[in-house]
Amino acid sequence: FDRVHLIVLFTGAEELGLKGAQAFISNHTWKTSIRRFINLDSTGGNGKAILFRAKPSQLVVDYGRVPRPHANVFGDEILQYLGANTDYTQFATKGSLPGYDFAFYLDGYNYHTLLDQPSIVELGALQHLGENTLALSHEILLGRVDLQQPYNISDDDNLIYFDILGRHLVTYKMSTSIIVQAILTGLIFRLPILVPLISRSASITLESDDNIGLSPILDEFSTKIGLPLVNRQ
């Protein structure tokens, strides 16, 4: 295995309790040599494959180097709420391996029906998944990623992440998110007080300008253009 850089693993019996992934992570001799895994799943065949979750969350930074990132931290919350699992669960939880979980999620109404056929999969969807998976694999295989890093990372301060129009990936720490939310909440509660003060300050400024001779200037200008001002008395 020391000469092998990439394992392509096809698992079966996922719908029956992740049996294929469980068998690999429990019995295969290669399990201890894995430094990263990329799980590809699907509940549909259209749109862009999203990065639902990563463990540890700091691995998302490496994913941010792909050409067209598509990710949202809410994905993990949604999967937990629905009680849904993929092979990622076996690798990340039971195997304690660092890795990523990708899946298509649009057109889920075809999932597990007679309409669930290869012909309904959009070519653009596969292209998007393929480009991002290839780029991420390159980052890992070409040594641009510190493969020892996960053993020193703690997820005590998880990363918040989301993409902007599939072009840029935004990441920041949970602690930073709490600070930003506190600032925004404080501004919202102070807004009803600040608005009247600003309005009154602007009114006082206008009155002051009028007192120093602004009114005659405006009257003269309006007379020249033929649009006299309405009497403000």
* Asked: Amide H neighbours of A71 under 5 Å, counting only residues 5+ apart in sequence or on other chains, H built in-plane at 1.01 Å?
  -> L51, D163
* Structure fact -> Under 5 Å from the placed amide H of A103, counting only residues 5+ away or on other chains, we find D41, I50, F52
* If we count every other residue with Cβ under 9 angstrom of N39's Cβ, Lys/Arg +1 and Asp/Glu -1, where does the sum land? -> -3
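Work through the residues other than D101 whose Cβ is under 12 Å from its Cβ and net out their charges, Lys, Arg +1 and Asp, Glu -1.
Residues close to D101 contribute a combined charge of -1.
Largest first, what is the accessible-area ranking of F74, F91 with a 1.4 Å probe?
Working: F74 135, F91 20 Å².
From most exposed to least exposed: F74, F91.
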* If the cut-off is a Cα-Cα distance under 24 Å, which lysines reach K173, setting aside same-chain residues fewer than 8 apart in sequence? -> K55
* To the nearest 10 Å², what's T29's accessible area with a 1.4 Å probe? -> 110
* Run the dipole for the stretch 14-178 about the Cα centre, Lys and Arg Cβ at +1, Asp and Glu Cβ at -1, nothing else charged, and hand back the magnitude in debye, nearest 20. => 420
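Based on Cβ point charges of +1 for Lys and Arg and -1 for Asp and Glu, what charge dipole magnitude is obtained for the stretch 1-109 about its Cα centre, in debye rounded to the nearest 20?
Working: 11 positive and 10 negative charges, 85 e Å.
Here the size comes out at about 400 debye.
The values are calculated or read from the model by the stated rules, or taken from the named source; none is laboratory data. These numbers were taken from a predicted model, which means no experiment stands behind them. Neighbour counts run over all protein chains shown; Cβ positions are idealised from the backbone, glycine included. Only protein heavy atoms, including side chains, enter the accessible area calculation; ligands, DNA and RNA are left aside. Shrake-Rupley method; radii C 1.70, N 1.55, O 1.52, S 1.80 Å.
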